[in-house]
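Mind looking over this structure? Questions follow.
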Amino acid sequence: MCNSLSVLFTSRGDLLIRLLCVGLGGMGHHDWNAAIDCGGFTAVGGVDIDASSRAAFTDKTGAPAFADFTKALATIDADAALIATPDLFHAPLTLNALDAGLDVICEKPMAETLRDAARMHFGALRGDRMLMVHHQLRWHPSHHEARRRIAGGEIGEVRRMDFHFSVHSDVCLRGYRSQLPHLILQDLAVHHFDLIRYLSGQECDSLYVRDWPAPEAGLDISAATDAIAILNMSGPVTVNYTASIRELLDPVGYTCTAHVHGTEGELAIDGEQLRLQTRTKHADGAEPERITPPVPDPGTWSAFARALETREPTLTHSADNLHSLAMLFAAMESAETGAIVKPVSDWLALLKD
Ligand SMILES: NC(=O)c1ccc[n+]([C@@H]2O[C@H](COP(=O)([O-])OP(=O)(O)OC[C@H]3O[C@@H](n4cnc5c(N)ncnc54)[C@H](O)[C@@H]3O)[C@@H](O)[C@H]2O)c1
């Protein structure tokens with residue numbers, strides 16, 4: 001019952017993309033609201049194993065909600081599926097949606113194994129479907145503008161990046177995240193690895209990672225809450241990465257901070273603000289330029305809508321995202337073995353095994 005001609009239109013007369021929303025919890029709820037708010041999507045159905053999440057979705061959208069994805073696919077006319085379940089289900093649900101002829105926007109991380117991610121990517125290619133991964137930080141004004149300035153050569157050739165993430169969060173204490181052995185890497189660093197690739201314009205040649213659960217009096221935490229990494233990007237760019245979800249003093253927040261050092265200057269991302277200094281201006285005694293980044297147009301969800309209409313990949317298309325996911329798996333291997341690890345890049349070989 002999917003991908004028949006859409007009959008719903010935006011106020012501009014464009015087709016509204018009919019979204020089947022799978023996983024209606026914290027992020028799923030945020031995602032389908034953002035999709036509707038961008039003006040390009042309408043929610044035509046929901047799927048969740050939890051009855052209260054289904055009821056809340058139907059209450060807000062008026063659309064039916066199902067406990068079973070197969071039943072939803074057989075009942076609802078949709079153009080695309082949003083997959084926002086826990087990570088474990090990303091691959092099977094995405095593959096089902098692609099088989100049913102839907103385009104897919106999948107939450108990060110794309111899959112729980114690289115092989116599954118490759119099956120998802122090549123499944124989408126084979127069926128001529130779009131598969132995009134929701135790494136919305138690439139569209140955050142600071143990161144988007146930083147990438148524009150770096151790509152425009154304003155700090156010369158990138159040579160080094162200091163990237164820091166810290167929040168104080170209790171996610172290591174509850175829910176499926178508390179069970180993830182490499183929580184900080186699987187849940188958060190995958191965003192940052194994706195951003196580091198985006199900002200530097202470089203792929204990762206090799207990496208070395210340590211992660212560990214925060215030792216806290218009175219708490220038994222088994223999921224890794226803290227990590228440090230050295231990333232050797234092509235270029236060559238060396239990235240010094242630090243992350244914690246149990247930071248007490250001065251957490252920098254989900255936007256992160258980054259200092260990007262180039263041959264001709266330096267760019268600092270401090271939350272909502274950028275600062276840029278060139279060697280020439282520094283030698284002249286000039287103050288760094290303070291930049292308030294503009295909101296990118298299109299934003300995350302408008303970019304997804306446009307990609308579905310034009311069939312042109314977004315910034316976080318599966319073909320690109322495989323490289324960020326490969327960094328995550330290399331990071332987990334490094335954390336477990338203590339070795340310097342090279343991320344996988346031969347996706348077809350993964351499918352042969
Ligand atoms: N892009 C981001 O910034 C961001 C932020 C938070 C979470 N996420 C991702 O979103 C996903 C969901 O995280 P969350 O925080 O919303 O979790 P959550 O536990 O709040 O919600 C998950 C929902 O999926 C439902 N569910 C579980 N198994 C299902 C299945 N087989 N079929 C249908 N529904 C099922 C649960 O009942 C729940 O309602 C994760 O993959 C997470 O990594 C992304």
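Can you compute 3J(HN,Hα) from phi for each residue in segment 61-67, using the Karplus curve 6.51 cos²θ - 1.76 cosθ + 1.60 with θ = phi - 60°, rounded to whole Hz and x for Gly and Pro?
Running phi through 6.51 cos²θ - 1.76 cosθ + 1.60 with θ = phi - 60° gives 9, x, 8, x, 10, 10, 8 Hz.
Sticking with the crude label model, points 7 Å out along Cα→Cβ, report the distance from Arg290 to Thr113 in nm, one decimal please.
The answer from the label model is 5.2 nm.
Ok, one more. For segment 95-130 and segment 283-300, what is the separation of their Cα centres, given in Å?
Taking the Cα centre of each part, segment 95-130 and segment 283-300 sit 36 Å apart.
List the lysines whose alpha-carbon lies under 22 Å from that of Lys60, not counting same-chain residues fewer than 8 positions away?
Hits, sequence-local ones excluded: Lys71.
In sequence order, what are the phi-derived ³J(HN,Hα) couplings for segment 168-184 according to the Karplus relation 6.51 cos²θ - 1.76 cosθ + 1.60 with θ = phi - 60°, rounded to whole Hz, with x for glycine and proline?
Working through the residues one at a time gives 10, 9, 9, 4, 6, 9, 8, x, 5, 5, 5, 8, 6, x, 10, 3, 4 Hz.
When the helix-only estimate is applied to the chain (DSSP H runs of n ≥ 4, each -39,500 (n - 2.57), divided by the residue count), what is the mean residue ellipticity at 222 nm, nearest 500 deg cm²/dmol?
Details: 11 runs with 117 residues, N = 353.
That calculation yields -10000 deg cm²/dmol at 222 nm.
Continuing with the same structure: What are the ³J(HN,Hα) couplings of segment 333-341, residue after residue, when phi is run through the Karplus curve with 6.51, -1.76, 1.60 and θ = phi - 60°? Round to Hz, x for glycine and proline.
Computed from phi, the couplings for segment 333-341 are 5, 5, 4, 7, 9, x, 8, 7, 10 Hz.
If a paramagnetic tag sat 7 Å from the Cα of Tyr176 along the Cα-Cβ line, which residues of segment 75-95 would have the backbone N under 17 Å from that point?
Once the point is set 7 Å along Cα→Cβ of Tyr176, 82-95 turn out to lie under 17 Å by backbone N, inside segment 75-95.
May I pose another question? Give the dimensionless ratio obtained when the Cα radius of gyration of segment 82-163 is divided by 2.2 N^0.38 Å. Could the numbers behind the result be given before it?
Working: Rg = 16.3 Å, N = 82, 2.2 N^0.38 = 11.7 Å.
Against the empirical 2.2 N^0.38 Å value, I get 1.39 for segment 82-163.
For segment 77-224, what value does the Rg/Rh ratio take when both radii are computed over Cα atoms and Rh is the Kirkwood radius, given to two decimals? Kindly include the intermediate steps, with their values, before the conclusion.
Details: Rg = 17.8 Å, Rh = 17.6 Å.
Reported Rg/Rh (Cα atoms, Kirkwood Rh): 1.01.
I've got another one for you. Take the Cα atoms of segment 17-136, find their three principal axes, and give me the spread along each one in whole Å, biggest first.
Reported extents, whole Å, longest axis first: 38, 28, 23.
For the chain, give me the percentage of DSSP beta bridges that are antiparallel, rounded to the nearest 5 percent. Write down the numbers at each step before the final one.
Numbers: 41 of 69 bridges.
Within the chain, antiparallel bridges account for around 60 percent of the total.
Using amide H atoms built 1.01 Å from N in the peptide plane, name the residues 5+ places from Ile17, or on other chains, whose amide H lies under 5 Å from its own.
Hits under the 5 Å cutoff: Phe41, Thr42.
Give the angle, between 0 and 90 degrees and rounded to the nearest 10, that separates the Cα long axis of helix 300-310 from the longest principal axis of the Cα atoms of the chain.
60
Taking amide H atoms as placed 1.01 Å from N in the peptide plane, list the residues 5 or more away in sequence, or in a different chain, whose amide H sits under 5 Å from that of Arg159.
Under 5 Å from the amide H of Arg159 lie the amide H atoms of His261, Gly262, Thr263, each far enough along the sequence or on another chain.
Continuing with the same structure: Per q in 0.17, 0.19, 0.20, 0.22 1/Å, what log10 I(q)/I(0) does a Debye calculation on the alpha-carbon atoms of segment 205-306 return?
Log10 of I(q)/I(0), two decimals: -1.06, -1.13, -1.14, -1.17.
Strictly greater than 26 Å: what percent of every Cα pair in segment 155-279 meets that? Present the calculation step by step, with values, prior to reporting the outcome.
On the way: 1894 of 7750 pairs.
Every Cα pair in segment 155-279 considered, those over 26 Å come to 24 percent.
Now, a different point. Amide H to amide H under 5 Å from Gly46: which residues, 5+ apart in sequence or cross-chain, H placed 1.01 Å off N in plane?
Cys21, Ala65, Phe66
How big is segment 291-353 by Rg and Dmax over its Cα atoms, in Å?
16.7, 49
Return the whole-Å distance between the Cα centroid of segment 236-262 and the Cα centroid of segment 136-213.
Comparing the Cα centres of segment 236-262 and segment 136-213, I get a distance of 8 Å.
Give the cross-link partners of Lys342 among the lysines, using a straight C-alpha distance below 27 Å as the criterion and excluding same-chain residues fewer than 8 apart.
Correct list for Lys342: Lys108, Lys352.
Out of all Cα-Cα pairs in the chain, roughly what percent, to the nearest whole number, are more than 35 Å apart?
Values: 15868 of 62128 pairs.
Percent of Cα pairs beyond 35 Å in the chain: 26.
Give me the distance in nm between label points sitting 7 Å out from Cα along the Cα-to-Cβ direction at Thr238 and His282, one decimal.
About 1.7 nm, to one decimal.
Between Trp212 and Asp77, what's the calculated FRET efficiency when r is the beta-carbon distance and R0 is 45 Å? Round to 0.05. Could you put the intermediate results ahead of the total?
Details: r = 49 Å, r/R0 = 1.08.
E(calc), rounded to 0.05, equals 0.40.
Each value in this text was obtained by applying a stated rule to the coordinates, not by laboratory testing. Since we're looking at a predicted model, the values are computed, not measured. All Cβ positions, glycine included, derive from the backbone under ideal geometry; neighbour counts span all protein chains shown.
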